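S.K.: Structure in structure tokens, see below.
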Amino acid sequence: MAGAIAYISRDTDGVLWKKVLEAGLGPVDFRRLDALGDKTDIEVALAWKPASGLLASFPNLKLIVSLGMGVDHLLSDDKLPDVPITRIMDDGLIGQMSEYALYWALRHHRDIDKYAASQRARTWKVEDFVDTIHRRIGILGLGTIGQDTAKKFAALGFPTAGWSRTAKSLPGVETFHGRDGFRRLLAGSDILVNVLPLTRETRGILDAKAFAALPKGAYFINMARGGHVVDEALLAALDSGQLSGAVLDVFNTEPLPADHPYWTHPKVHVTPHIAGATNPRTASPGVIENIKRLRRGGELMHRIDPKAGY
Ligand code: GLV
């Protein structure tokens, strides 16, 4: 049998991954974190938040597959071995992410929380309406998730813009890039959606200056990483009214500590990092193809560039 596949995740037991990999590759020597056995056998590691140094302890490792679309959980390991890293490309996850952004944006756009409060008070009150063509959406990050999200907002008739590190163009979406473009994107975002990768350049990018650059009363949806946000700056922007609300799926510390002010803040919705969950059924075809390519010496798909950080 070919080399072993290690499944490094504390979040799920890997039963479904084993099943889908066997359907595509035939019998696999699949080893879970608690039963890694002889580490010299391990050829491929499927990993989500591995302990620092663990991957370096597999001497014959040839490929690391990130079980998330983000790879910051791997690159933060300062002992990461020098082998190719690919990430999953999961249409199911991409669809969930854009759905999450659309759901919360529409809920805000149509004042659903205000109507829910009116209902609780038995009050028949009609809120002022902002027309769709006047509610500007800004998307930070125009990778596969950002592009899918931007396209769907644009299809609903929202003026939609996106920002990326390097210049990109997308039909029906205004695009910005670079430092100057970042400020311009923020200045025109009534609803800001963050889907950036977390890199050295983007850590803490959403600070007091960034929140101040948004239009007054802007709404913020973070479904990327908590590390993009300076929490004190976000809380201050919510409390001053600079932001009208925030939806947070990701946090600097996960699980979010029980005493964190986000849990009870009246303007904050918290979800437990569920905006997009990796689904082995939709994520596995690319992983299976890459393992086949690795074994026959072909070029790998969805490789990440550790220097760029994504
Ligand atoms: C989830 O956060 C992912 O990176 O896929």
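The values are calculated or read from the model by the stated rules, or taken from the named source; none is laboratory data. Source: prediction; values computed, not measured. In this analysis, Cβ positions are derived from the backbone assuming ideal geometry, glycine residues included, and neighbour counts consider all displayed protein chains. These area figures cover heavy atoms from the full protein model, side chains too; ligands, DNA and RNA do not enter into them. Shrake-Rupley method; radii C 1.70, N 1.55, O 1.52, S 1.80 Å.
S.K.: Part of a loop (DSSP other than H, G, I, E, B), away from the ligand (no atom under 16 Å from the Cβ) and surrounded by fewer than 18 Cβ atoms within 10 Å (Cβ to Cβ): does that describe Gly24? Let's see the steps before the verdict.
M.R.: Details: part of a loop (DSSP other than H, G, I, E, B): no; away from the ligand (no atom under 16 Å from the Cβ): yes; surrounded by fewer than 18 Cβ atoms within 10 Å (Cβ to Cβ): yes.
No, not satisfied.
S.K.: Note down all Cβ pairs under 6 Å where the first residue falls in the range 84-98 and is closer than 15 Å to Ala224 by Cα, the second is more than 10 Å from the ligand (Cβ to nearest atom) and in a helix (DSSP H, G or I), and they're at least six residues apart or on different chains.
M.R.: Every condition considered, the pairs that remain are Ile94/Thr144; Ile94/Asp148; Ser98/Asp148; Ser98/Thr149; Ser98/Lys152.
S.K.: Same structure again: Lys18 versus (1) within 26 Å of the chain's Cα centre (by Cα); (2) assigned to a helix (DSSP H, G or I); (3) exposed (fewer than 15 other Cβ atoms within 10 Å of the Cβ): which is the lone unmet condition?
M.R.: Among (1) within 26 Å of the chain's Cα centre (by Cα); (2) assigned to a helix (DSSP H, G or I); (3) exposed (fewer than 15 other Cβ atoms within 10 Å of the Cβ), Lys18 violates only (3).
S.K.: Next up: Does Trp124 meet the test of being in contact (Cβ under 8 Å) with a residue 24 or more places away in the chain and not assigned by TED's automatic domain parsing to the domain that holds Lys62? Full working, then the answer.
M.R.: Values: in contact (Cβ under 8 Å) with a residue 24 or more places away in the chain: no; not assigned by TED's automatic domain parsing to the domain that holds Lys62: yes.
No.
S.K.: Filter the range 191-221 for residues that are over 16 Å from Gly162 (Cβ atoms) and within 15 Å of the ligand (Cβ to nearest atom); which is surrounded by the most Cβ atoms within 10 Å (Cβ to Cβ)?
M.R.: Leu198
S.K.: Something else: Which of the residues belonging to the range 65-92 are part of a loop (DSSP other than H, G, I, E, B), open to solvent by 20 Å² or more (accessible area, probe 1.4 Å) and away from the ligand (no atom under 12 Å from the Cβ)?
M.R.: Once the filter is applied, which keeps residues that are part of a loop (DSSP other than H, G, I, E, B), open to solvent by 20 Å² or more (accessible area, probe 1.4 Å) and away from the ligand (no atom under 12 Å from the Cβ), the range 65-92 yields Ser76, Asp78, Lys79, Leu80, Pro81, Asp82, Val83, Pro84.
S.K.: In addition: In the range 40-64, which residues are away from the ligand (no atom under 16 Å from the Cβ), assigned to a loop (DSSP other than H, G, I, E, B) and in contact with a strand residue (DSSP E or B) (Cβ under 8 Å, 6 or more places away or on another chain)?
M.R.: Within the range 40-64, Leu54, Phe58, Asn60, Leu61, Lys62 meet the criteria.
S.K.: Could you give me the residue pairs with C-beta distances under 8 Å whose first residue belongs to the range 252-265 and is of a type in the set (S, T, N, Q), whose second residue is surrounded by 11 or more Cβ atoms within 10 Å (Cβ to Cβ) wherever it lies, and which are 6+ apart or on separate chains?
M.R.: Asn252/Gly226; Asn252/Gly227; Asn252/Val229; Asn252/Asp231; Thr253/Gly226; Thr253/His260
S.K.: Further question on the same structure: In the range 174-186, is there at least one residue being over 30 Å from Leu75 (Cβ atoms), in the same structural domain as Asp207 (by TED's automatic domain parsing) and open to solvent by 50 Å² or more (accessible area, probe 1.4 Å)? So that I can check it myself, show each step before the final result.
M.R.: Of the range 174-186, the ones over 30 Å from Leu75 (Cβ atoms) are 174.
After this cut, where a residue has to be in the same structural domain as Asp207 (by TED's automatic domain parsing) as well, the list is 174.
Those still in the list that are open to solvent by 50 Å² or more (accessible area, probe 1.4 Å) too: 174.
The answer is yes; a qualifying residue exists.
S.K.: Next up: Going by the structure shown, is Ser66 closer than 18 Å to Asp11 by Cα, polar (S, T, N, Q) and either without any contact (Cβ under 8 Å) to a residue 24 or more places away in the chain or touching a Phe, Trp or Tyr at 6+ places or on another chain (Cβ under 9 Å) (or both)? Walk me through it before giving the result.
M.R.: Working: closer than 18 Å to Asp11 by Cα: yes; polar (S, T, N, Q): yes; either without any contact (Cβ under 8 Å) to a residue 24 or more places away in the chain or touching a Phe, Trp or Tyr at 6+ places or on another chain (Cβ under 9 Å) (or both): yes.
In short, yes.
S.K.: So Gly95 clears everything in (1) outside any helix (DSSP H, G or I); (2) within 16 Å of the ligand (Cβ to nearest atom) except one condition, right? Which one?
M.R.: All conditions are met except number (1).
S.K.: Moving to a separate point now. Which residues, taken from the range 243-255, are assigned to a loop (DSSP other than H, G, I, E, B) and surrounded by fewer than 18 Cβ atoms within 10 Å (Cβ to Cβ)? It would help to see each step written out before you state the result.
M.R.: Start the filter on the range 243-255 by keeping residues that are assigned to a loop (DSSP other than H, G, I, E, B), which leaves 249-255.
Once the filter is applied, which keeps residues that are assigned to a loop (DSSP other than H, G, I, E, B) and surrounded by fewer than 18 Cβ atoms within 10 Å (Cβ to Cβ), the range 243-255 yields Asn252, Thr253, Glu254, Pro255.
S.K.: Go through the range 161-187 residue by residue and tally those that are more than 16 Å from Tyr219 (Cα to Cα) and not in a helix (DSSP H, G or I).
M.R.: Number satisfying all stated conditions: 15.
S.K.: What about Ala105, is it at pLDDT 95 or above and more than 20 Å from Leu300 (Cα to Cα)?
M.R.: Numbers: at pLDDT 95 or above: yes; more than 20 Å from Leu300 (Cα to Cα): yes.
Here the answer is yes, as Ala105 does meet what is asked.
S.K.: Now a separate question. Filtering the range 268-299 down to residues that are surrounded by fewer than 16 Cβ atoms within 10 Å (Cβ to Cβ) and part of a loop (DSSP other than H, G, I, E, B), which residue is farthest from the ligand (Cβ to nearest atom)?
M.R.: This residue is Gly297.
S.K.: Please determine, by comparing only the residues of the range 256-267 that are touching a helix residue (DSSP H, G or I) at 6+ places or on another chain (Cβ under 8 Å) and in a loop (DSSP other than H, G, I, E, B), which one is most open to solvent (accessible area, probe 1.4 Å).
M.R.: If we take residues in the range 256-267 being touching a helix residue (DSSP H, G or I) at 6+ places or on another chain (Cβ under 8 Å) and in a loop (DSSP other than H, G, I, E, B), then Lys267 is most open to solvent (accessible area, probe 1.4 Å).
S.K.: Take the residues of the range 118-154 that are touching a Phe, Trp or Tyr at 6+ places or on another chain (Cβ under 8 Å) and among the hydroxyl-bearing types (Ser, Thr, Tyr): which is least open to solvent (accessible area, probe 1.4 Å)?
M.R.: Checked the range 118-154; the qualifying residue least open to solvent (accessible area, probe 1.4 Å) is Ser118.
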